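The values are calculated or read from the model by the stated rules, or taken from the named source; none is laboratory data. Since we're looking at a predicted model, the values are computed, not measured. Please note: Cβ atoms are built from the backbone with ideal geometry, for glycine as well, and neighbour counts cover all protein chains shown.
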């Protein structure tokens, strides 16, 4: 019985540590703080707008990721914000 309690206690502590680590990294969707999007250089902005006009959204996201050194979500948010400005 004591062994089972010790094992359960260790697993509980391990679980708490994992949750704390995930929260500190911002991987929990409920804890994500929106980041301010970096501004695009004018040349890149024009290139992205051109791709959006051609309905090449995925290509636009790829270029933003490469040129701005941001993650997929950030690149998509940048492209989406430009797409919203077109109207």
Where the second residue is surrounded by 15 or more Cβ atoms within 10 Å (Cβ to Cβ) and part of a loop (DSSP other than H, G, I, E, B) and the first is in contact (Cβ under 8 Å) with a residue 24 or more places away in the chain and lies in region 44-63, which pairs have Cβ atoms under 9 Å and are six or more apart or on separate chains? 48/40
Please go through (1) loosely packed, with under 10 Cβ neighbours inside 10 Å; (2) modelled with pLDDT of 90 or more for residue 36 and return the number of the only condition it doesn't satisfy. (2)
